[in-house]
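The values are calculated or read from the model by the stated rules, or taken from the named source; none is laboratory data. Every value quoted in this text rests on a predicted model; they were computed, and no experiment measured them. Neighbour counts are summed over all protein chains in view; Cβ atoms, including those assigned to glycine, are modelled from backbone coordinates with ideal geometry. Heavy atoms of the whole protein, side chains included, go into the accessibility calculation; ligands, DNA and RNA do not. Shrake-Rupley method; radii C 1.70, N 1.55, O 1.52, S 1.80 Å.
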Amino acid sequence: MKPFTYQRAATPAEAARVAAEMPGSRFIAGGTNLLDLMKLQIETPGHLVDVNHLGLDRIEPTAEGGLRIGAMVRNTDLAADKRVRRDYAVLSRALLSGASAQLRNKATTGGNLLQRTRCPYFYEPSKPCNKRVPGSGCAALGGFNRNLAVLGTSDKCIATHPSDMAVAMRVLDATVETVSPDGTTRSIPIADFHRLPGDTPHIETQLGRGELITGVMLPAPIGGLHVYRKVRDRASYAFAVVSIAAVVAPGRARLAYGGLAHKPWRVEAAEALVADGAAAVAKTAFAGARTTPENAFKLPLAQRLTASVLADGKV
Amino acid sequence: MKFDSAAGQNVIDQGRIVGKSYPRVDGPLKVSGLAPYAHEYHSDAPNAAYGVIVGAGISKGRITAIDTSEAERAPGVVLVMTHRNAPKQFGIGHAPPGGTGPQQDEKDGGGEKPGRHNKPQLQGPEVRHFDQSVAFVVAETFEQARDAARLVRITYAVEKGRFDLAAEKDKGEMPEDTPDSNVGNFDSAFAAAPAKIDVTYTTPDQAHSMMEPHASIARWDGDQLTLWTSHQIIHWGVDGVAGTLGIHKDKVRVISAYIGGGFGSKLMIYGDPILAALAARQLGRPVKVALTRPQIYNHTSHRPATIQRLRLGAGIDGKLLAIGHDVWCGNLPEGEAENAADQTKLLYAGANRLLRTRKTELDLPLGASMRAPGEAVGLLALECAMDELAEKLGLDPIEFRILNDTQFDPEKGPERPFSTRHLVECLRTGADKFGWSKRNPKPGMVRDGRWLIGIGVASAIRNNLVMASGARVRLSGDGVLTIQTQMTDIGTGSYTILAQIGAEMLGLPMDKVRVELGDSSFPQSAGSGGSWGANSASAGLYYACENLRNAIAQRAGFNSTDSQFADGKVSAGGRSRNLADVVGKDGISAEGKVEFGDLTKRFAQAAFGAHFAEVAVDSVTAEVRVRRMLSVCAAGRIINPQTARSQCLGGMTMGIGAALMEDQVVDKRFGYFVNHDLAEYHVPVHADIPDMEVIFLDELDDKSSPIKAKGVGELGICGVGAAVANAVHNATGARIRDYPLTLDKIMAKMAV
Ligand SMILES: Cc1cc2nc3c(=O)[nH]c(=O)nc-3n(C[C@H](O)[C@H](O)[C@H](O)COP(=O)(O)OP(=O)(O)OC[C@H]3O[C@@H](n4cnc5c(N)ncnc54)[C@H](O)[C@@H]3O)c2cc1C
Ligand code: SF4
């Protein structure tokens, strides 16, 4: 672990300003991802800005009938919130399928959105990885890529984004709220928040330098059956092989997928085809997929999940 | 004492304490954090410096340049060792001056290579496997050492390595210690057999995944080295360290009082004790090293992958006529073969048998023993193949196994009977308790909502190994018996069962017995490996206690042969005296030792079992969830049913892992295990583990030792994975021959 300095910011705007001013800064929230990466020397920040004490730990109703989730709300607390369980059950279910109870107690809403990929080569500093060392190559392309992405990939990177929470937020049309170093704030629709790898897989989101997530806004509830199905290689404590977040009701469905891409994968045009069945949905939703011999099974698996969820929702 | 004829009635048979359940005597220390592990002897190693091993970033080749200047200048750094400045050490073939200790277990006996435990570090620029030590950085704090380790700059010349077992297997050779066994005429019998299968199974590399990482603290007092390290067999550790450093083994004291799991990973030394010892000597202060979790996968050892071809032929009556088992495995030149055909020698009858193992050289990290080496993966293949043939014959899998039972070594004939063998009873008892009769023999027929339900069975066999073992005992004036032996407790319950043996022998309650383990200053013992520990170490202690009883009886003026020890008293001929009074304030000590004669040659000795599993397979996603499990074991005297049951539960859990998820993935281009942490190398978690039940059949094996016990810990894993795989087949109709049975493989073969 590279030596670093540490500071607690007093306000969100100050945190953003400091992070932009100090070279090599990183925010630290729960630390469950960042500290692991620092111990492995994959992240080597010189300065940590602690954002745990900025009053961003509340869940509040919005004027539009939705909820504003502070960036520091812990995954455990968010999953247990009465309003979330009642109106946004898909989010509760997604959160509870992730990590372990201990990790969820520490993990925050903002940190969860920004957790980094679990591509095994990203974790092995002796191997090429464009995400870790831009321009070094991608070891996963010809290597072990069973759990890597099949959609939205590039020949520079085929990593997935591992978050379960984000997949549920995508199906709920959440927006990410931020403050920038100059004090301005903005809202980013979750659909645009994570980037596909393209030629710059090390740039993972739309956030600018020093920009701090202050919260996530959920629009008014939409009713329907809320489902989160996470397929994994053991019963708990495993990242998704494929997951589906769905809000389904007779005649309509919203469907977002995890484990397929570097962002939660949702194609609204495919949702319009639910009446034609899962195969039609999959054909549109997964158009342009690029698979490897090891991860090709993810597409039929996602289609089977889709069929099962549509059946459960009597769509 | 040489154990070379069947044991008669003895004190252990009274079963006052032995044979009863006692919770682990070390339990309170463990749960309160007071049991020190290797890295935690802080006050014994004051002012320790911290070492971090830098591992090779390539898998085969040479270091062409190494620049340590930046690391040396980093804050807190006191030493950077590389092949350029590391002291000369000695490899395999060099016994420590003064020789190794007597090593007497059957497998390792006689012609074993001197210095076979040696592990020299940083002896040249060659890189033989990924994460081999290439530098060692020592600093005032752990954080400083880790940061400086990052600053060691190394340039390599990469050479082409051999990393793909399937591609290399045909270059394999017959290992010296695993000759082919060829009985009758396999080829013609197999060709003529009316029913047969010819199937190939593969098992992947697996990681031990014990909780405690390899760790060591080294401290020198003059020329005397003390090493607190995590090691399963103390005298092997002493030999390895003394041999590598080229010092007399009396100059090395190894302490492994508590061990956070081993499963075979700590049968050998790796970089940590050697580098800690070298640096501590050079710096004149203690040095501590613990491996990181990722280092464990590629720096230390693993269970090697196998390719296994099973050819089984039977008559229409269901009797096996031909048994062929070919095993291919790979390893570094000094590594052993994975003996996956071993159980096939003994498990079933059949006149024509051909078993062959071929080991080829690979440039992957060292393959070595992991829980039930040989059997654990051999049974994954054999016991599925048996089901495949049963299905072909239209026979019930249990009846098919019972039809092919044998009461003698099928290679040697009736002159080598089994000492005890209750496989049939295990199968029948289990079938009854598990509700086998409700199984639908046609796959894919039972549904519970979206789940497909299946039931499977497998036989279990594990060779009963025995090993010389000694102990020292002392009864002190306060009536407390202290037991000292090099035996280790790797979480298995050795402390507890040895206390039981001591209490039984001396007629004391459990709270009057103190057990001290894992210190090379105690008498040499069997140690924890090959499931030989409980039986062998208990037998050594038995003879030590017998000597102590004689000494006490003599001191009391009694005739030692008819003296009784009970309730803290010794009595004979109607007279009785308090033990405390007899031994006086100085106490009485004795030593004893068991050595084993040729009973294991004259009798086939093994523990047997039957495993049953019920699984549910998600018809949408092909995810497998084990619903319930039962193991029925016949393993000689069960010294402590509670600790033995825990061993079986652990084995069953690991068996689920082997069947469904454990897989160290080899990157065949770079030659290393890619998924090198516990987030990506999956072992079962609590949610994967269903209701599990264990039944021990009453059995005494008087040919195994005066304790009449056999190994249990490894029996627990043997066959479990095959029972799960057979259940998956019964649930779905999918027969996967490429372990582990992950959902992608099952989905591809599922009918629905
Ligand atoms: C063993 C293990 C298993 C796991 N399994 C799962 C799983 O199954 N599913 C799943 O979804 N997740 C899983 N996780 C990941 C876990 O959810 C994340 O580690 C966690 O959500 C990160 O949150 P944190 O608050 O600890 O983030 P940190 O580690 O503190 O930060 C992560 C990143 O976000 C940045 N950051 C944090 N807060 C902000 C903010 N407000 N604004 C801008 N940047 C910010 C940090 O600078 C850092 O780069 C697992 C993690 C582990 C270790
Ligand atoms: S897939 Fe992406 S993260 Fe993985 S090795 Fe390639 S570039 Fe790195």
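Taken together, the residues in region A:269-305 that are over 16 Å from A:Val231 (Cβ atoms) and either part of a helix (DSSP H, G or I) or at the interface with chain B (Cβ under 10 Å from one of its Cβ atoms) (or both) amount to 12. Considering only residues in region A:71-127 that are among the hydroxyl-bearing types (Ser, Thr, Tyr) and under 18 Å from the mean Cα position of the chain (by Cα), the one that is nearest to the other protein chains (Cβ to nearest Cβ) turns out to be A:Ser100.
Matching residues to (1) open to solvent by less than 30 Å² (accessible area, probe 1.4 Å); (2) at positive phi:
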| site | (1), (2) |
| --- | --- |
| A:Gln41 | no, yes |
| A:Arg85 | no, no |
| A:Leu95 | yes, no |
| A:Ala99 | no, yes |
| A:Arg104 | no, no |
| A:Gly111 | no, no |
| A:Arg118 | no, no |
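Within region A:149-179, the residues that satisfy the criterion of being within 16 Å of ligand 1 (Cβ to nearest atom) and assigned to a loop (DSSP other than H, G, I, E, B) are A:Ala149, A:Ala159, A:Thr160, A:His161, A:Pro162, A:Ser163, A:Asp164, A:Leu172, A:Ala174.
Looking only at residues of region B:41-66 that are open to solvent by 70 Å² or more (accessible area, probe 1.4 Å) and touching a residue at least 24 places away in the same chain (Cβ under 8 Å), we find that the one that is farthest from B:Pro213 (Cα to Cα) is B:Thr64. Condition check for A:Thr185 on (1) surrounded by 18 or more Cβ atoms within 10 Å (Cβ to Cβ); (2) away from every other protein chain (no Cβ under 14 Å); (3) more than 16 Å from ligand 2 (Cβ to nearest atom): one failure, at (1).
Residues that are in contact with a Leu (Cβ under 8 Å, 6 or more places away or on another chain) and more than 14 Å from every other protein chain (Cβ to nearest Cβ) within region B:705-731 comprise B:Lys708, B:Gly711, B:Gly716, B:Cys718, B:Gly719, B:Gly721, B:Ala722, B:Ala725, B:Val728, B:Ala731, listed in sequence order. Among the residues of region B:16-28, those that are open to solvent by 20 Å² or more (accessible area, probe 1.4 Å) and in contact (Cβ under 8 Å) with a residue 24 or more places away in the chain comprise B:Arg16, B:Gly19, B:Lys20, B:Ser21, B:Tyr22, B:Pro23, B:Arg24, B:Val25. Can you find even one residue in region A:159-169 that is charged (D, E, K, R), away from ligand 2 (no atom under 16 Å from the Cβ), away from chain B (no Cβ under 14 Å) and crowded, with 24+ Cβ neighbours inside 10 Å? Checking region A:159-169: at least one residue is charged (D, E, K, R), away from ligand 2 (no atom under 16 Å from the Cβ), away from chain B (no Cβ under 14 Å) and crowded, with 24+ Cβ neighbours inside 10 Å. The residues of region B:664-695 that are of a type outside the set (Ser, Thr, Tyr), open to solvent by less than 60 Å² (accessible area, probe 1.4 Å) and away from ligand 1 (no atom under 16 Å from the Cβ), listed by number, are B:Gln664, B:Val665, B:Val666, B:Asp667, B:Gly671, B:Phe673, B:Val674, B:Ile689, B:Pro690, B:Met692, B:Val694, B:Ile695.
Scanning region A:131-146 for residues that are open to solvent by 30 Å² or more (accessible area, probe 1.4 Å) and either of a type in the set (A, V, I, L, M) or more than 16 Å from ligand 1 (Cβ to nearest atom) (or both) yields A:Val133, A:Pro134, A:Gly135, A:Ser136, A:Cys138, A:Leu141, A:Gly142, A:Phe144, A:Arg146.
Taking the conditions (1) touching a residue at least 12 places away in the same chain (Cβ under 8 Å); (2) more than 14 Å from chain B (Cβ to nearest Cβ) in turn, A:Gly135 satisfies each one other than (1).
Only one of the listed residues (B:Arg285, B:Arg356, B:Arg293) is within 14 Å of chain A (Cβ to nearest Cβ) and surrounded by fewer than 21 Cβ atoms within 10 Å (Cβ to Cβ). That residue is B:Arg293. Of the residues B:Ala157, B:Ala149, B:Ala218, B:Ala167, which is open to solvent by 60 Å² or more (accessible area, probe 1.4 Å) and aliphatic (A, V, I, L, M)? The conditions single out B:Ala167. Determine whether B:Asp698 is surrounded by fewer than 22 Cβ atoms within 10 Å (Cβ to Cβ) and more than 11 Å from chain A (Cβ to nearest Cβ). Taking the combined requirement at face value, the residue satisfies it. Set side by side, the residues A:Asp36, A:Asp50 differ, and just one is surrounded by 15 or more Cβ atoms within 10 Å (Cβ to Cβ) and away from chain B (no Cβ under 14 Å), which is A:Asp50.
Is one or more of the residues making up region A:206-224 touching a helix residue (DSSP H, G or I) at 6+ places or on another chain (Cβ under 7 Å) and at pLDDT below 95? There is no residue in region A:206-224 that is touching a helix residue (DSSP H, G or I) at 6+ places or on another chain (Cβ under 7 Å) and at pLDDT below 95. Can you find even one residue in region B:398-416 that is in a helix (DSSP H, G or I) and touching a Phe, Trp or Tyr at 6+ places or on another chain (Cβ under 7 Å)? Yes.
When residues in region B:596-638 are screened for being open to solvent by less than 10 Å² (accessible area, probe 1.4 Å) and in a loop (DSSP other than H, G, I, E, B), 4 of them pass.
Listed by position, the strands (runs of 3 or more DSSP E) inside region B:440-535 whose residues that are under 17 Å from the mean Cα position of the chain (by Cα) number at least 3 are B:451-463. The set of residues from region A:215-243 being away from chain B (no Cβ under 14 Å) and open to solvent by 20 Å² or more (accessible area, probe 1.4 Å) comprises A:Met217, A:Pro219, A:Ala220, A:Pro221, A:Ile222, A:Gly223, A:Gly224, A:Leu225. Of all residues in region A:70-121, those satisfying the criterion of being free of Cβ contacts under 8 Å to residues at least 60 places away in the same chain, out of contact with any Asp or Glu (no Cβ under 7 Å at 6 or more places or on another chain) and within 16 Å of ligand 2 (Cβ to nearest atom) are A:Cys119, A:Tyr121.
More than 19 Å from the chain's Cα centre (by Cα) and open to solvent by 10 Å² or more (accessible area, probe 1.4 Å): does that describe B:Thr244? No; evaluated as a whole, the condition is false for this residue.
Restricting attention to region A:195-208 and to residues that are open to solvent by less than 60 Å² (accessible area, probe 1.4 Å) and away from ligand 2 (no atom under 14 Å from the Cβ), the residue that is farthest from A:Cys119 (Cα to Cα) turns out to be A:Gly208. All conditions in (1) within 14 Å of chain A (Cβ to nearest Cβ); (2) open to solvent by less than 10 Å² (accessible area, probe 1.4 Å); (3) over 21 Å from the mean Cα position of the chain (by Cα) hold for B:Tyr739, with the sole exception of (3). Does region A:245-259 contain any residue that is modelled with pLDDT of 95 or more, buried (at least 18 other Cβ atoms within 10 Å of the Cβ), under 25 Å from B:Lys749 (Cβ atoms) and within 11 Å of another protein chain (Cβ to nearest Cβ)? Checked against the condition, which is being modelled with pLDDT of 95 or more, buried (at least 18 other Cβ atoms within 10 Å of the Cβ), under 25 Å from B:Lys749 (Cβ atoms) and within 11 Å of another protein chain (Cβ to nearest Cβ), region A:245-259 yields no hits at all.
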